[in-house]
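The next block holds one structure in the form of structure tokens; read it before the comments.
Quick note: the coordinates plus some simple rules give every number you see, no bench work behind them. None of the values given here were measured: they were computed from a predicted structure. Glycine also receives a Cβ, built like all others from the backbone with ideal geometry; neighbour counts cover every protein chain displayed.
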Amino acid sequence: MTMKRSVAALFGAASLAAGVFMAGCESTTSTPVATPPTAPTMPMAVALNDSTVRIKWNLSSEDATSTGYSLQATEGTNTISRTVAKGVNIYTFTGLKSATKYTFTVRTRKDSLTSSAISIDWATAKRFTGGVVWEPRATAGSGFNLATNSNKLIADGRMWDICADTIADKDDMVFSCPGASGFTDGNGVFFNPALAGVRANMTMMVADSGANGLVARTMVVNSLDSAYESAALGTGGRMREMGAEVPFGNVNSTVLYVVTKDGNYAKILLKSVGGKVVQGTKAGRDRKIEFDYMYQTTANLPHALVSNGKAIGPVKFVAKNSTVIE
């Protein structure tokens, strides 16, 4: 009995000591763990020329309490680092290599902490201005070659990447792939005797599914500088030889996307000039569409991705089945 009481007493003393020790631990003040800021969202990019890319992002939900953003442009082992203040969500990287893919990364900064990263892969691209296609007539070219930035007559139809077409009894014009235009038959072969048996270049537009089938992918912007992308050109789309009907009264500059026979993308801005995209009149037979465009001829860059087997065509142009640009 005595031993039992001694054991109980020992446990009691141990429990008391443990209680004192635990009470001492509970009274100790812990150091707060610093939490990284919330990351920005929605990285976007646009090539301004052959050495410049502008990126854009949505501000962090904690932008007001942040100290800004850390930016990086990485190519291989080379990295360009920049910082911007809070409230800023656009930055232009200059002096970049042409024909080179960069990974652009953005992080939120808060004192010594940074958020997780968001990123987008993009590349520079050549910028061309002053493009024009005319309604069919003998003295002005209805076609255009993107690589050489030159207007082409029907006699040079072999060089056409895109062209202008008309619709019977309408003032509207059609910005078209040559193989889907009124210049070619159902197989994309030119009607013109000088081009007998010649198949038009297999230029296709990037298209998305619409209520009545595939429709050309478009973006309404005033300038190519504002035509940001969140994914490589053509992502999620289909490729089709087709035409985009441009209403005579259309006032909005509009971007279309085409892929040439070489698998290179062009991002084309149909320009609104004097409040209209279609210039001239049907009666004067001087209708035209002016445009600027970005073009990348190096394969496997964001402006020059292969269509990945999604191409369908040739498809004969039929006005009622073309995309109408609103």
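Some notes on this structure:
- Segment 83-160, relative contact order [Cα under 8 Å, separation at least 6], %: 18 percent
- Förster-model FRET efficiency, 25 Å R0, Ala194 and Ser150, C-beta, rounded to 0.05: 0.85
- Backbone amide hydrogens, once placed in the peptide plane, bring Thr38 within less than 5 Å of Glu62, excluding anything fewer than 5 places away on its chain.
- Each 5 Å bin, from zero up to the one with the longest distance, holds this percent of the alpha carbon pairs of segment 126-324: 1, 8, 17, 22, 23, 17, 8, 3, 0, 0.
- For Phe291, nonlocal amide neighbours, meaning residues 5 or more places apart or on other chains whose placed amide H falls under 5 Å from its own, are Gly130, Gly131, Val132, Lys271.
- Applied to segment 189-206, the Karplus parametrisation 6.51 cos²θ - 1.76 cosθ + 1.60 on θ = phi - 60° returns per-residue 3J(HN,Hα) values of 8, 4, 6, 4, x, 5, 10, 3, x, 8, 8, 4, 4, 7, 7, 9, 9, 6 Hz, with x for Gly and Pro.
- Semi-axis lengths (Å, descending) of the ellipsoid that matches the C-alpha gyration tensor of segment 31-185: 48, 17, 11
- Potential lengthening between Ser223 and Val84 on full extension [0.36 nm per residue; Cα-Cα distance subtracted]: 47.6 nm
- Total charge dipole magnitude, segment 41-123, about the Cα centre, Cβ charges on Lys, Arg, Asp, Glu only, Debye to nearest 20: 80 debye
- For Ala34 and Ala299, a Förster radius of 45 Å and the Cβ-Cβ distance give a FRET efficiency of 0.50, rounded to the nearest 0.05.
- Which listed pairs, of Lys97/Lys276; Lys101/Lys276; Lys56/Lys267, have C-alpha distances above 27 Å, in listed order: Lys97/Lys276; Lys101/Lys276
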